[in-house]
Amino acid sequence: MKQTTKLIAITALLGLAGTAQADNWKYVHEEGADDPQGLYAAKFKEEIEANSDHTIQIYPVGTLGESADAMEQTQAGLLQFIDQSPGFTGAMIPEAEAFLVPYVQPTDPVEVRTYFKEGKAVNEMFHEIYREHGLELLAIFPEGEQVVTTKEEFRTPEELEGMKIRTMTSPLLLETYESFGASPIALPWGELIGALKTNMVDGQENPTIWIEAYGLDDLAPVLTYTGHAQYTTAVMANADFYDGLSAEDQQLIQDAANAAQDYILDLAVELDAKGLAKIKETNPDVVINRLTDEERAAFEERAAAVEEAFIERAGERGKAIIEQMKKDIEAARS
Ligand code: 6CS
């Protein structure tokens, strides 16, 4: 009898060991369900749930505080996955600000796709750096060219002078707008709409799809395409959580991240164009200005100081990243 009980217990244990435990993983991002980060997260969830017994609970913008709060919770291990953009992460990881250095990132849709999919800088140089902050980097993807929306028109740094422009919280964004002649103010996303409504700020920058989705063109109807940046975002896992997983689950996560990246790389360009079409269709007051090469040159000249400030902060590693980014863009162009 005793022997039989033992046998049953051992069989049960073996049975358990053979079955992978089904977990519910929490994934936080900075946008709504229909925005690029939300669409990426939904695809990631779909892949994980189709290929394992695990489930993903998605927390969109506003549900767990601002971007900085979500990062704290992820680093503390309360959340397993996070999508946070360098515009916020750069305050903690100086090298991540490489994505913000003006007039370095590509804006042409075909170049953008190749650069993010195949570029050595994007795909190989950030993993170790994010690891130093307890994060396993899973994907980096674009959301469209950054567009400046203001209440008054500007085409030169002199005309931008005195305008209070809201940026995300990475220091490099403040330096960028200072160099462009504006008076920048860093604010979390949750404070931007109120700041525009109360004239605490006169403008802001964001990709077209986001401007349309949140009615930013209604609050500051001059859209200026300065060609200085591409909105970039990154998806990460808590590194301790990731390291504690089986090799099979780690592969599951990498495969899901890659599938979601392919999906969003195609979609982001489409969404960007749709955003602009919708603004033109629905906002009779909108003014759309794309700076000429000559006009751009005046801003680009001033941007050189920002690149120097970046290298000073991010050191040799930062310098190597920027150099590689430039090579990757050249390769994408050809
Ligand atoms: O401007 C911001 O703060 C927001 N912009 C985008 C495109 N995504 C999330 C972020 O919080």
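Computed from label points 7 Å out along Cα-Cβ, the spacing between E49 and D255 is 1.8 nm. Counting only heavy atoms of the protein chains and using a 1.4 Å probe, M92 has close to 60 Å² of accessible surface.
Think of it as helices only: each DSSP H run of n ≥ 4 in the chain is worth -39500 (n - 2.57), and spread over all residues that comes to -16500 deg cm²/dmol at 222 nm.
Here L267 and E158 are evaluated by their C-beta separation; at R0 = 35 Å the FRET efficiency comes out at 0.35. Could you pull out every one of the lysines with an alpha carbon less than 22 Å from that of K327, ignoring same-chain neighbours closer than 8 positions? Within reach: K117, K120, K319.
A straight chain from D285 to E124 at 0.36 nm per residue would run longer than the Cα-Cα distance by 53.6 nm. With a 1.4 Å probe rolled over the protein heavy atoms of all chains, the accessible area of E118, E159 falls in the order E118, E159, largest first.
Roughly what % of Cα-Cα distances in the chain sit above 25 Å, to the whole percent? Beyond 25 Å sits 53 percent of the P(r) for the chain.
For M236, the solvent-accessible surface with a 1.4 Å probe is about 0 Å², rounded to the nearest 10. Dipole magnitude for the chain: about 860 debye, using +1 per Lys or Arg Cβ and -1 per Asp or Glu Cβ, origin at the Cα centre.
Of all lysines in the structure, those lying under 17 Å Cα to Cα from K197, and not within fewer than 8 positions of it along the same chain, are K151, K164. Proximity of backbone amide H atoms, modeled 1.01 Å from N, is registered between V287 and V222, L223 at under 5 Å, excluding neighbours fewer than 5 places apart on the same chain. The H on the amide N of Q146, modeled in the peptide plane, is under 5 Å from the matching H of A229, Q230, Y231, each at least 5 residues off or on a different chain.
Only protein atoms count toward the accessible area here, which uses a 1.4 Å probe; on the chain, the carbon and sulfur part of that area reaches 52 percent. For K26, the residues whose amide H sits under 5 Å from its own are Q57, Q80, F81, ignoring neighbours fewer than 5 places away on the same chain, with H placed 1.01 Å from N. A 1.4 Å probe run over segment 183-245, with the rest of the protein chains in place, finds 29 Å² accessible per residue.
The values are calculated or read from the model by the stated rules, or taken from the named source; none is laboratory data. Bear in mind the structure is a predicted one, so any value in this text is a computation, not a measurement. Virtual Cβ from ideal backbone geometry, glycine too; neighbours counted across all protein chains shown. What goes into the accessible areas is simple: the full protein's heavy atoms, side chains included, and nothing from ligands, DNA or RNA. Shrake-Rupley method; radii C 1.70, N 1.55, O 1.52, S 1.80 Å.
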